[in-house]
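The block underneath contains the structure these notes are about, expressed in structure tokens.
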């Protein structure tokens, strides 16, 4: 069965540290890739998405993600995190064969001021 | 533009009962998707509706059903509730397809006693 793995369940960083959250998926075909974020007390919202083209995708709030097809990965990065980045981050995949979105289990990011 | 609204926000039911949750999408959006979020399983896709038709379905038992009305509002129903149905149920709307940016509602927290 298709799945999405987020290896880090809980990450704690200090402000200004660099961030990389891992996401791997298991599907051999073409995929549409997403990162969603849920800030405390807020709705889930889209950070960025990749469908095709440049594998380095820029999203909101300084986030970016790189699609590496050979590694089935779509890691999220930010060069310098802020306290306001404290949130839960979800990676999601939609295989091109169907429109069923598959979410990873999420990574809770806690930024220390 | 008003966001996705879900009612009620909280529900407490007992085993064996049934429940109906409601979702009003963003004006103009025709695709509505439903998700179940639990600590153990994370975010799981339930089903998606478009133009009053179920377009896609996740791997949930037949006790979970939904429908969409001509104004794109959607309801989901869970019959014969089980303890394991306790979860946050999220609704998301998008313009046409699930690959369009999905906008999530605040969710309905269902507790089954």
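Peptides B:84-93, A:9-18 ordered by packing proxy, namely the average of other Cβ atoms within 10 Å per residue, highest first: B:84-93, A:9-18. The spacing between segment A:24-63 and segment B:3-59, judged by their C-alpha centroids, is 22 Å. Under the simplified labelling scheme, the residue B:71-residue B:113 pair shows an inter-label distance of 3.3 nm, with each label point 7 Å from Cα along Cα→Cβ.
Within 10 Å of each Cβ in B:41-50, how many Cβ atoms from other chains are there, averaged over the peptide?
Counting Cβ atoms of other protein chains within 10 Å of each residue's Cβ and averaging gives 4.
Averaging Cα coordinates gives a centre for segment A:1-21 and one for segment B:90-104; these two points are 24 Å apart.
Taking every residue in A:40-47 and counting other chain Cβ atoms within 10 Å of its Cβ, the average works out to 4. Which FRET efficiency value, to the nearest 0.05, is calculated for residue A:26 and residue A:58 with the Förster distance at 30 angstrom and r the Cβ-Cβ distance? The formula returns an efficiency of 0.70 here.
With neighbours defined as other Cβ atoms within 10 Å of a residue's Cβ, the residues A:66, B:82 order from fewest to most as B:82, A:66.
The packing ranking of peptides B:12-24, B:53-65, B:95-107, highest mean first, is B:95-107, B:12-24, B:53-65, where packing means the average number of other beta carbon atoms within 10 angstrom of each residue. Other protein chain C-beta atoms within 10 Å of residue C-beta, averaged over A:90-101: 4.
Bear in mind these aren't lab numbers, they're just calculated from the coordinates by the rules spelled out. These figures come from a predicted structure and were not determined experimentally. With ideal geometry, Cβ positions are generated from the backbone for all residues, glycine too; neighbour counts draw on all protein chains shown.
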